[in-house]
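Below is one structure; the comments refer to it alone.
The values are calculated or read from the model by the stated rules, or taken from the named source; none is laboratory data. All figures in this text were calculated on a predicted structure; none of them were measured in a lab. Glycine also receives a Cβ, built like all others from the backbone with ideal geometry; neighbour counts cover every protein chain displayed. Protein only, heavy atoms only, side chains kept; ligands, DNA and RNA dropped before computing areas. Shrake-Rupley method; radii C 1.70, N 1.55, O 1.52, S 1.80 Å.
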Amino acid sequence: MDIGTTLTHFLLEEERKYNDASGEFTRLMSDLTTAIRAISSAVNRAGIEDVLGQAGATNVQGEEQKKLDVLANTLILQSMEAMGHVAGLASEEMDEPYAIPAGYPKGKYLLVFDPLDGSSNIDVNISVGTIFSILKAPRPGVDATVEDFLQAGAEQVAAGYTVYGGCTQLIYSTGNGVHAFTLDPHVGEFVLANQDLKIPHETAEYAINASNRRFWEPAIQQYVQDCEEGKDGPCGKNFNMRWVGSMVADFHRILMRGGVFLYPRDLKKPEQPGKLRLLYEANPMGFLAEQAGGACTDGMRRMLDIQPESLHQRVPVVIGSKEEVDRVREYYEKYGSA
Ligand code: P6P
């Protein structure tokens, strides 16, 4: 039996490339994967133990919190708070950043995460995932403030996600390519599955919640209509459509075989610029997309250039195969936004 290249081995090899590496990042990732393994176990047991269903509370987004949402959030906090890696944590499930309890050291990083993205799919056994973003703490050793988290995506030290599907996979990048690891449940280790993944530049597959069509901006209405017209229309090729309703599942498919995912601004809630959150969905996925040769915008602007204004800020998202993301931008330039 060959264990393969474990995540720990891979992280240490990466660390050795930097003479000034303290090893703190490696230890942060190692402790984060402890929580991820626990979340994976809970998700895989969901049908057996009573962790399905509502937790009876709502999160900052006003969305009903499911028990697994709350559990996943707690597991990540528990895996981090005593270890001295971070000066604070922020999550979709918490209105304000989580302060490291007194008596524990504050570290040099910040962790921002969506503990269980796509949670509306939990009860129907569709893949969900954890999305995380690692930033440098502007003031290491000091309790982080909200402002400390408001860094453009280009400042990320690392980003990644796990998808709890047929198998549990962890995908991450520190800016040196995107690498995928599969959890071997018999060994309890994440083992290297794909190194330096690349998103095909061209695609004929798009992902969008088509039920929002009547609320879309003109540019998106025209873009999707042209895709639907296939090879006899302006695109000159037939398109396929997929929509899981779980960004992690949709993005993972795009990472592995190409495609473009759109969650544009829709006028269903005109006061909201989009549904997805900048700090813990769009930025980490945008970082990975660019590292894999893809692209990520808000329809027009590079996602990683956007300066966050609030912790739970929402943005429109267009992400995936670079040629297609660029084509959507051309539609905005030609047909305009709302
Ligand atoms: P809709 C899940 O709630 C999520 O934040 C993303 O994971 C997913 O892509 C999107 O919302 C689905 O939104 O409106 O299709 O349910």
Worksheet entry | Which listed residue is touching a Leu at 6+ places or on another chain (Cβ under 9 Å), modelled with pLDDT of 90 or more and more than 26 Å from TYR263 (Cα to Cα), from SER40, SER91 | SER40
Worksheet, complete the sentence: Going through the range 226-265 in order, the residues found to be among the charged types (D, E, K, R), out of contact with any helix residue (DSSP H, G or I) (no Cβ under 7 Å at 6 or more places or on another chain) and open to solvent by 30 Å² or more (accessible area, probe 1.4 Å) are GLU228, GLU229, LYS231, ASP232, ARG253, ARG257, ARG265
Worksheet item: Does LEU262 satisfy being touching a His at 6+ places or on another chain (Cβ under 8 Å), more than 8 Å from the ligand (Cβ to nearest atom) and closer than 27 Å to PHE149 by Cβ?
Response: no
Response to the item:
Of the candidates ASN194, ASN121, the one satisfying the condition of being modelled with pLDDT under 95 and closer than 17 Å to HIS252 by Cα is ASN121
Practice prompt. Please specify each residue of the range 140-162 satisfying the condition of being outside any loop (DSSP other than H, G, I, E, B), over 16 Å from the mean Cα position of the chain (by Cα) and surrounded by fewer than 19 Cβ atoms within 10 Å (Cβ to Cβ).
Written response: VAL146, GLU147
Discussion item. Tell me yes or no: at least one residue of the range 293-303 is in a helix (DSSP H, G or I) and open to solvent by less than 20 Å² (accessible area, probe 1.4 Å).
Written reply: yes
Worksheet item: Can GLY165 be described as on the phi > 0 side of the Ramachandran plot and within 18 Å of the chain's Cα centre (by Cα)?
Response: no
Worksheet, complete the sentence: Quick count over the range 91-123, residues being away from the ligand (no atom under 12 Å from the Cβ), hydrophobic (A, V, I, L, M, F, W, C) and more than 23 Å from ALA158 (Cα to Cα), is 1
Worksheet item: Are any residues in the range 124-174 away from the ligand (no atom under 16 Å from the Cβ), of a type in the set (A, V, I, L, M) and closer than 16 Å to ASN283 by Cα, and if so, which ones?
Response: ILE134, LEU135, LEU150, ALA152, ALA154, VAL157, ALA158
Fill in: Test: residue in the range 236-259 that is under 22 Å from GLY336 (Cβ atoms) and not charged (D, E, K, R)
no
Response to the item:
Counting only residues that are open to solvent by 30 Å² or more (accessible area, probe 1.4 Å), under 24 Å from GLY236 (Cβ atoms) and touching a helix residue (DSSP H, G or I) at 6+ places or on another chain (Cβ under 8 Å), the range 188-204 contains a total of 3
Discussion item. Which numbered condition in (1) under 25 Å from ARG213 (Cα atoms); (2) among the acidic types (Asp, Glu); (3) not in a loop (DSSP other than H, G, I, E, B) is the only one that GLU290 fails?
Written reply: (1)
Discussion item. Pairs please, first residue from the range 202-215 and more than 15 Å from GLY258 (Cα to Cα), second anywhere and at pLDDT below 95 and within 13 Å of the ligand (Cβ to nearest atom), Cβ atoms under 6 Å, 6+ apart in sequence or on different chains.
Written reply: ASN212/ASP266; PHE215/ASP266; PHE215/LYS268
Worksheet item: In the range 61-88, what residues are under 20 Å from the mean Cα position of the chain (by Cα), of a type outside the set (Val, Ile, Thr), more than 16 Å from the ligand (Cβ to nearest atom) and buried (at least 24 other Cβ atoms within 10 Å of the Cβ)?
Response: MET80, GLY88
Discussion item. Here is a check on your reading of the model: is VAL244 farther than 20 Å from ASP298 by Cβ, assigned by TED's automatic domain parsing to the domain that holds PHE287, of a type outside the set (D, E, K, R) and within 14 Å of the ligand (Cβ to nearest atom)?
Written reply: yes
Worksheet, complete the sentence: Checked LYS268, LYS275 against criteria (farther than 17 Å from GLY299 by Cα and open to solvent by 60 Å² or more (accessible area, probe 1.4 Å)); the one match is LYS268
Discussion item. Please go through the range 123-139 and give me each residue that is open to solvent by 20 Å² or more (accessible area, probe 1.4 Å) and either basic (Lys, Arg) or touching a residue at least 24 places away in the same chain (Cβ under 8 Å) (or both), ordered by number.
Written reply: ASP123, ASN125, ILE126, SER127, LYS136, ARG139
